[in-house]
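Working notes, structure below.
The values are calculated or read from the model by the stated rules, or taken from the named source; none is laboratory data. Quick caveat, the model's predicted, so the values are computed rather than measured. Note that each Cβ is placed from the backbone with ideal geometry, even for glycine, and that neighbours are counted across all protein chains shown. The accessibility values were calculated without ligands, DNA or RNA, using every heavy atom of the protein model including side chains. Shrake-Rupley method; radii C 1.70, N 1.55, O 1.52, S 1.80 Å.
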Amino acid sequence: MSYPYQITSEEGYHAAWKKSIEDPEGFWGEIAEHFEWKRKWDKVLDWNFREPSVKWFDGAQLNITENCIDRHLKTKAHEPAIIWEPNDPNDHHRMFTYQQLHFKVCQFANVLKNNGVQKGDRVCIYMGMIPELAIAVLACARVGAIHSVIFGGFSAQSIADRLKDAQAEFIITCDGAFRGAKDIPLKNVIDDALISCEFVKRVIVYTHTRTAVSMIKGRDVWWEDEIRKVETAGNPDFPAEVMNAEDPLFILYTSGSTGKPKGVVHTCGGYMVYTNYTFVNVFQSQPEDIHFCTADIGWITGHSYIVYGPLSAGTTSLMFEGIPTFPDAGRFWDIIDKYKVNILYTAPTAIRSLMAFGLGPVHGKDLSSLRVLGTVGEPINEEAWHWYDEHIGKKKCPIVDTWWQTETGGILISNMAGITPSKPSYATLPMPGVEPLLVDDKGVEIKENNVTGNLCIRSPWPATIRTTYGDHERCRTNYFATYDNLYFTGDGAYRDENGYYRITGRVDDVLNVSGHRIGTAEVENAINMHAGVVESAVVGFPHDVKGQGIYAYVIYSGSHGDEEMTRRDITATVSRIIGPIAKPDKIQLVTGLPKTRSGKIMRRILRKIAEGEVENLGDTSTLLDPSVVDQIKNSRL
Ligand code: WT7
């Protein structure tokens, strides 16, 4: 198998981009011909950003799992689809050929059906990075159920909020997950979440860590028992459900500038075509490749570039359960050496954390199989870029800096490996089908180069967010109402003299901590839940490894006996309400916050203080009580 729509030269890229903008329907219609549809579309694209309403391949029917699995059975039934590397390097790795994956997915699709899961039902998946997670995701897609994967770092409260929002009646989880030296009791967390979610009918539990769990009669069942029932019944096949191109494929919750996460909805047809197209072109993948994306399937990167992109392209996706520093900081390099990985796709935060260990862990590891390196999730600083280039790619592997979002489903701005030029810290050029533009704060387009502005997209690409689950108006106001008739990304960007884009970071109240999105309002709400907290304000500050750290200013009226203990209690509260990933790095107890006369917190000042810029705070004359600023400055952490 090769990819007829793989771009092979810089001129080819420019020609494809031009065609895609002049004739999007012709462009994507041709690409879509290379997939398996049960029925072809009536119209390639129908859209307006005002409602918004975006429909790709409307009228077409398909099942994404037939494109990710079944269609490869003719030519590569015995090639590896998924290789799994366990957390503990001394445990056995596992491998699934396309045929074995087909068998496992069909088997588990039968389990879902036997447990009452039907097309359109929402199924929450809360598991560690084990092959059964990918199998569960694909089995949901096979039966037409809408999966909603929740990252293991979220708390019971966060899970409950998401279960309610999605009205999910089914859960797939494990007893526990291994991450480095830690053993995370996932089923216990689910049990806590379910105290307030009595509508949940069924919890399917896979045993992995063998930690003790409670199993509630009538609600909880073991994955293995359910598989045995399917085996006994004899026929493991599961004909894929017929889905319309615009039927939802999954919901994935992500943070915004309000306190409540949004359920981003992607649909079957467009998402499939776009993740495949970007996978094949950005990474210049080859069918025999071993593709190692280090993300977790709990995030969009894992959905698009561990599961759907690589499998729809028929490559081998390497899934890693653990963390980069366990048992030591050479783990990624050991894995690349062991499996002869061709493409490594990771986050700048991981590169920075590994850089800090020096070159010792890299020495003696054979990285010569690597052909392409990628980064995602946050801006990459030049130092990390060069370290990655020199010590991992040995200056022979192009680095793709891929900019995109949960809402965009796939990569929107990136160089193409070895095809279009890279430039350190620049995502560079848009994918075919993507027309970025910069606007000023009034929404007026800035047409020149060498400018910064708010990054927008002019027209839909096939994996555009379709709605926010259960609240379409929220989707409109969040993404399509800031600037008329444009998709607004929430990011700022600089465009250089060649038209290359450099993402400068969020322009809204959203933080990017280790490549994870966290809303400041969400963290503030969680802090304010702590007894004794009167008010809080959360901002980001530059962090050497995480990119951004979380800095919280807290007015606390409880007993101030032991400040350190108070901070720990606040941290524990945040961990309980959102999850360990949102724990503040710094908590400064203050007596007041800088507010304008109308009561608005002046975050600009707090941001500057958190960044350590205490001298030039700008105009503070509009503050109700300017002396607050000095107090905060003096007790800065
Ligand atoms: C936000 C989206 C895309 C999958 C992982 C994160 C930031 C993402 C880059 C990049 C600079 C980047 C943006 C974006 N971001 N990639 N290559 N360079 N910034 O997905 O959680 O939806 O976050 O991550 O700020 O808006 P997400």
Q) Using 7 Å Cα-to-Cβ label points, what is the Asn634/Arg476 separation (nm, one decimal)? A) 5.2 nm
Q | Cα→Cβ-extended label distance, 7 Å offset, between Val534 and Glu288, nm | A | 6.9 nm
Q: Out of all DSSP beta bridges with both ends in region 511-634, state the antiparallel percent to the nearest 5.
A: 75 percent
**Q.** Per residue value of the accessible surface for region 66-241 (all protein chains in place, 1.4 Å probe), Å²
**A.** 40 Å²
Q: Skip the ligands, DNA and RNA, and give the accessible area per residue of region 511-634 with a 1.4 Å probe, whole Å².
A: 46 Å²
Q: Return the sequence-ordered ³J(HN,Hα) values of region 114-120 in whole Hz as given by the Karplus equation 6.51 cos²θ - 1.76 cosθ + 1.60 applied to θ = phi - 60°, using x for Gly and Pro.
A: 4, 9, x, 6, 10, 3, x
Q. For region 82-169, how big is the tail of P(r) above 19 Å, as a whole percent of Cα pairs?
A. 46 percent
Q: Any chance you could tell me what percent of the C-alpha pair distances in region 414-555 go past 23 Å?
A: 48 percent
Q. Size of the chain along its principal axes in angstrom, Cα-based, largest extent first?
A. 74, 62, 56
Q | Fraction in percent of alpha-carbon pairs per bin - 5 Å, region 457-498 | A | 5, 20, 26, 25, 13, 6, 3, 2, 0
Q: Using DSSP, restrict attention to beta bridges with both residues in the chain and report what percent are antiparallel, rounded to the nearest 5.
A: 60 percent
Q) According to the square roots a ≥ b ≥ c of the eigenvalues of the Cα gyration tensor, what is the shape class of region 1-99, taking rounded for a/c under 1.5, prolate for a/b larger than b/c otherwise, and oblate for the remainder? A) prolate
Q.
Taking all protein chains in place and a 1.4 Å probe, what share, in percent, of the accessible surface of region 511-634 do carbon and sulfur account for?
A. 48 percent
Q: Compute the FRET efficiency between Glu79 and Ser2 as 1/(1 + (r/R0)^6), taking r as their Cβ-Cβ distance and R0 = 22 Å, and round to the nearest 0.05.
A: 0.90
Q: May I ask you to evaluate 6.51 cos²θ - 1.76 cosθ + 1.60, the Karplus curve with θ = phi - 60°, for each residue of region 231-236 and list the ³J(HN,Hα) values in order in whole Hz, giving x for glycine and proline?
A: 4, 5, 5, x, 9, x
Q: Estimate the FRET efficiency between Glu33 and Phe199 by the formula 1/(1 + (r/R0)^6), using the beta-carbon distance for r and 56 Å for R0, to the nearest 0.05.
A: 0.85
Q. Counting DSSP beta bridges in region 66-241, what percent are antiparallel, to the nearest 5?
A. 30 percent
Q | region 270-419 - accessible surface per residue (Å², probe 1.4 Å) | A | 25 Å²
Q: Give a residue-ordered list of calculated ³J(HN,Hα) values for region 352-366 (Karplus: 6.51 cos²θ - 1.76 cosθ + 1.60, θ = phi - 60°; whole Hz; x for Gly, Pro).
A: 5, 5, 6, 4, 5, 8, x, 8, x, x, 8, 4, x, 9, 7
Q.
Apply the a/c threshold of 1.5 to the C-alpha gyration tensor of region 511-634 and tell me whether it is rounded, prolate or oblate.
A. oblate
Q: Throw me the Rg/Rh for region 66-241, computed over C-alpha atoms with Kirkwood Rh, two decimals.
A: 0.96
**Q.** Contour excess over end-to-end distance, with Cα ends at Lys229 and Asp484 and 0.36 nm allotted per residue
**A.** 86.3 nm
Q) When the chain is fully extended, how far beyond the present Cα-Cα distance does Asp23 get from Thr620, taking 0.36 nm per residue of separation? A) 209.7 nm
Q: Hey, can you grab everything whose amide H is under 5 Å from the amide H of Glu535? Only 5+ residues off in sequence or another chain; H modelled, so Pro and N-termini drop out.
A: Ile555
Q: Return a whole-number percent for the relative contact order of the chain, with Cα pairs under 8 Å and 6 or more residues apart as the contact set.
A: 13 percent
